[in-house]
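Encoded as C-alpha cells, the structure appears first; notes follow it.
Please treat every number below as a calculation from the coordinates, not as lab data. This is a predicted model, so every value here is computed, not measured. Heads up, the Cβs are rebuilt from the backbone with ideal geometry, glycines too, and the neighbour counts pull from every protein chain shown.
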Amino acid sequence: MVSFADEMIIKKAQGLLNEADDFINMTMFCNGKTEDGDEFYAYFNLLPSRISDLNKAIEHERSINLTDFGTIIEAGNGLFPSDEVSKKMEEEYHVDYEFSTKLLDAILSNSSEN
C-alpha cells in the first residue's frame, strides 16, 4: 500500500514531468519486430510525462505503438540503423550512444564516494 506521503511525492513528480513536456525532448532508440514479424528500428521523441507508461507497456504488453508515447523522427527496416542514419541522429538530435554507460559510471562513482 502506498502511503499518503508517497502518493504526494508521486503526484508532484508527475506534475514536473508534465511541465517538462513543453521544453524537453528525450530522443529514444527502439528496435524489435512488427506484428508481421519484420525487424525495425526507430528513434522517437518521448514525452517525459510518458516515461512510466512506456516502461509499463514494455513490461506487460507484447506489442506497443510508439506513437502513443511520442513522435517518431526516424525509422527503418532492420534492427539497427546504417552508419549514415546514426551519424545524422548524433548531429541533428544530439543522440549520445554512450549515455547509459556514462550515467551508470557517474552513479557508481558518486555512490563509492559516499
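Each residue of the range 54-67 was assigned a 3J(HN,Hα) from its phi angle through the Karplus expression (A = 6.51, B = -1.76, C = 1.60, θ = phi - 60°), giving 5, 4, 5, 4, 4, 5, 10, 10, 6, 9, 10, 9, 4, 5 Hz with x at Gly and Pro.
Per residue, the convex hull spanned by the Cα atoms of the chain measures out at 155 cubic angstrom.
Amide hydrogen proximity for MET26: with H placed 1.01 Å from N in the peptide plane, the residues at 5 or more positions away or on another chain lying under 5 Å are LEU46. Phi angles across the range 47-53 convert, under the Karplus curve 6.51 cos²θ - 1.76 cosθ + 1.60 with θ = phi - 60°, into 3J(HN,Hα) values of 6, x, 5, 9, 4, 4, 4 Hz, Gly and Pro given as x.
Given +1 at the Cβ of Lys and Arg, -1 at the Cβ of Asp and Glu and no other charges, the dipole of the range 4-113 around its Cα centre is 280 debye to the nearest 20.
Relative to the current alpha-carbon distance between MET8 and LEU79, full extension at 0.36 nm per residue lengthens the span by 21.5 nm. Taking the centroid of alpha carbons for each part, the range 77-98 and the range 36-66 are 18 Å apart. Length gained on full extension, ILE107 to SER63, computed as 0.36 nm times the residue gap minus the Cα-Cα distance: 12.7 nm.
Each residue of the range 37-42 is assigned a 3J(HN,Hα), and the resulting list reads x, 7, 6, 8, 10, 8 Hz, derived from the Karplus form 6.51 cos²θ - 1.76 cosθ + 1.60 (θ = phi - 60°), x at Gly and Pro.
Under 19 Å of direct C-alpha separation, and excluding same-chain neighbours fewer than eight residues apart, LYS88 reaches these aspartates and glutamates: GLU74, ASP96, GLU98. Toward the positive end of the charge dipole of the range 4-113, with +1 on the Cβ of Lys and Arg and -1 on the Cβ of Asp and Glu, the farthest Cα among THR101, PRO48, GLN14 is that of GLN14.
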